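The values are calculated or read from the model by the stated rules, or taken from the named source; none is laboratory data. Remember, it's a predicted structure, so these values are computed and weren't measured experimentally. Please note: Cβ atoms are built from the backbone with ideal geometry, for glycine as well, and neighbour counts cover all protein chains shown. For accessibility, only protein heavy atoms count, side chains too; no ligands or nucleic acids. Shrake-Rupley method; radii C 1.70, N 1.55, O 1.52, S 1.80 Å.
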Amino acid sequence: MTYLTKLPSPLGPLFLASDGEAVTGLWLEGQKYFAAGLEPEAEERPDLPAFRRAAAWLDAYFEKQDLPPLPPLAPKGSAFRQSVWELLLEIPYGQTSTYGTLTEKLKASGVPAAPQAVGGAVGHNPISILIPCHRVVGADGSLTGYAGGIEKKRFLLELEGADLSGLYVPKKGTAL
């Protein structure tokens, strides 16, 4: 069974899914791949412990307070995507990495990878913000590839105090 809840945030409503034990999805309203893979009979259950822990983490994150431990996470995806999502969790708060760097880390651990495949896995991350796909930037220094939109990616990186001085940050309304 899949359970759902909705939380307010500075980015607009966040929609969360859980299997009853762990968070299985977190999407921004209107995000690409929004609610991908959700069962049609999903039930609203805002009182689940996983949702309460996610809400506490998100509140601390958006208020720039010390972060509590992440709630249990259980994203659904292939073994390759799971490997990429694990690497995303290693990118420190306020820092960025590139698709190429993630690709090299995967190769070094024996996982065959190409930047395009890594980009696909990052883009299909079903648990936005908690699994920080917003911390991945293009090799050319561009803020690219965020399913929630470039403006929201920029907001999250600025909230974290990431150094964007060397990055190409498109102005509002600029197409990439």
Handout entry: Residues located in region 97-112, provided they are closer than 16 Å to GLY145 by Cβ and either surrounded by 20 or more Cβ atoms within 10 Å (Cβ to Cβ) or β-branched (Val, Ile, Thr) (or both)
Key = THR98, TYR99, THR101, LEU102, THR103
Practice task
Would you be able to say whether some residue in region 26-45 is open to solvent by less than 70 Å² (accessible area, probe 1.4 Å) and among the polar types (S, T, N, Q)?
Solution key: yes
Handout entry: Neighbours by Cβ (under 8 Å, 6+ apart or cross-chain): first from region 5-34, acidic (Asp, Glu); second assigned to a strand (DSSP E or B) and crowded, with 16+ Cβ neighbours inside 10 Å
Key = ASP19/TYR3; GLU29/LEU14; GLU29/PHE15
Completion exercise
Of the residues in region 142-176 that are open to solvent by less than 10 Å² (accessible area, probe 1.4 Å) and more than 20 Å from GLN116 (Cβ to Cβ), the one that is modelled with the lowest pLDDT is PRO170
Completion exercise
Matching residues in region 41-69 (at pLDDT 95 or above and part of a loop (DSSP other than H, G, I, E, B)) number 8
Problem - Matching residues in region 86-95 - criterion: being farther than 15 Å from TYR61 by Cβ and surrounded by fewer than 12 Cβ atoms within 10 Å (Cβ to Cβ) - result: GLU90
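Residue by residue, here is whether (1) under 30 Å from MET1 (Cβ atoms); (2) part of a loop (DSSP other than H, G, I, E, B); (3) open to solvent by 30 Å² or more (accessible area, probe 1.4 Å); (4) at pLDDT below 95 holds:
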| position | (1), (2), (3), (4) |
| --- | --- |
| PRO71 | yes, yes, no, no |
| PRO75 | yes, yes, no, no |
| VAL84 | yes, no, no, no |
| GLY119 | no, no, no, yes |
| ILE131 | yes, yes, no, no |
| ASP140 | no, yes, yes, yes |
Practice task
Determine which single condition GLN65 fails, assuming it passes every other condition in (1) farther than 21 Å from ASP19 by Cα; (2) in contact (Cβ under 8 Å) with a residue 12 or more places away in the chain; (3) of a type in the set (S, T, N, Q).
Solution key: (2)
